[in-house]
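K.L.:
If you scroll down you'll find the structure; I have some questions about it.
All of the numbers you see were taken from the coordinates with simple rules; none came from a lab. Not measured: the values here are computed from a predicted model. Cβ: placed from backbone, ideal geometry, glycine included. Neighbour counts: every protein chain shown.
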Amino acid sequence: MTDIQNHSHANAEPKPYHHGNLVEALVSATVAIIAERGVEHVSVREAAKRAGVSPAAPFRHFKTKTALMTAVAEQAMSRLKSAVSDALAEHTGQDPLEAFEAIGRGYLRWALSNTTHFEIISSRTLIDFNSSESLRRDNEEIRLLMIDLLGRAQESGLLREGLDFDHLVLGARALVYGLARMAVDGHMPEWHQTKSPINAVQLSMGLYISQIRAR
């Protein structure tokens with residue numbers, strides 16, 4: 001699924017409820033509420049009202065707001081994983097560092113095109129991350145992909161000598177997340193960025209890769 005499709009899904013009106021897709025309808029309703037009014041206005045009852053079902057109907061699936069928000073995060077993580085996979089599939093070269101940069105760019109494009117989902121997935125205070133098998137699995141798959149690409153780069157002599165591998169992985173994750181957070185929160189103009197947010201964050205990602213690459 002492309003980022004444009006993800007974006008249109010995130011901002012589309014929730015589909016009317018039909019038998020069998022109550023969870024999907026409630027998740028879509030929740031995303032719409034957050035986009036329009038903010039996360040503080042989300043409740044299970046409000047999501048039910050937006051989805052056009054009885055106030056009691058959602059509680060078979062979501063007993064708390066946290067459970068509902070966790071379901072939104074699961075959808076977000078699944079779409080993020082697809083965006084990363086699409087970005088990696090577009091990379092046709094053999095250089096693992098270029099592939100690593102590609103997935104970083106994919107993450108950034110997704111975050112800036114799906115700001116509501118990014119807000120939910122990036123705040124662990126809103127969700128119960130540890131209770132969700134799919135969140136933990138998908139997050140771990142992305143982390144292991146990063147480790148694999150950087151490990152291959154190191155084995156091929158493409159990384160500068162003396163870099164601590166674990167901190168390199170953490171630094172890359174922090175950079176991409178931080179850039180996305182700054183762009184989504186509207187901080188780029190404060191740093192005198194004349195380029196569009198997506199261009200600015202992707203150029204910063206490219207600079208990071210150039211600094212860790214062996215000379």
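K.L.:
What value does the chain have for Rg/Rh, both radii from Cα atoms and Rh as Kirkwood defines it?
P.N.:
1.02
K.L.:
If you stretched the chain out fully between HIS61 and SER78, how much longer would it get, using 0.36 nm times the residue separation minus the C-alpha to C-alpha distance?
P.N.:
Computed gain between HIS61 and SER78 is 4.2 nm.
K.L.:
For LEU108, LEU168, what ranking results if the residue with the fewest other Cβ atoms within 10 Å of its Cβ goes first?
P.N.:
LEU168, LEU108
K.L.:
Report the relative contact order of the chain, percent, no decimals, based on alpha-carbon pairs under 8 angstrom and at least 6 residues apart.
P.N.:
After rounding, I find 20 percent.
K.L.:
Which residue, ARG79, ARG143, ARG50, has the most motion in a Gaussian network model of the chain that connects Cα atoms within less than 10 Å?
P.N.:
ARG143
K.L.:
List the residues whose amide H sits under 5 Å from the amide H of ARG213, counting only those 5 or more places along or on another chain, with H placed 1.01 Å from N in the peptide plane.
P.N.:
Those qualifying (amide H under 5 Å, at least 5 residues apart or on another chain) are ARG160.
K.L.:
Quick one: Cα centre-to-centre distance for the stretch 21-88 and the stretch 139-172, in angstrom?
P.N.:
Using only Cα atoms to place each centre, the spacing works out to 34 Å.
K.L.:
Could you give me the ³J(HN,Hα) list for the stretch 96-102, computed from phi with Karplus coefficients 6.51, -1.76, 1.60 and θ = phi - 60°, whole Hz, x at Gly and Pro?
P.N.:
Result, rounded to whole Hz: x, 5, 5, 5, 4, 5, 4.
K.L.:
Okay, next question. Can you tell which of ALA83, ALA172, ALA111 shows the greatest fluctuation in a Gaussian network model of the chain with Cα springs below 10 Å?
P.N.:
Ranking ALA83, ALA172, ALA111 by mean-square fluctuation puts ALA172 first.
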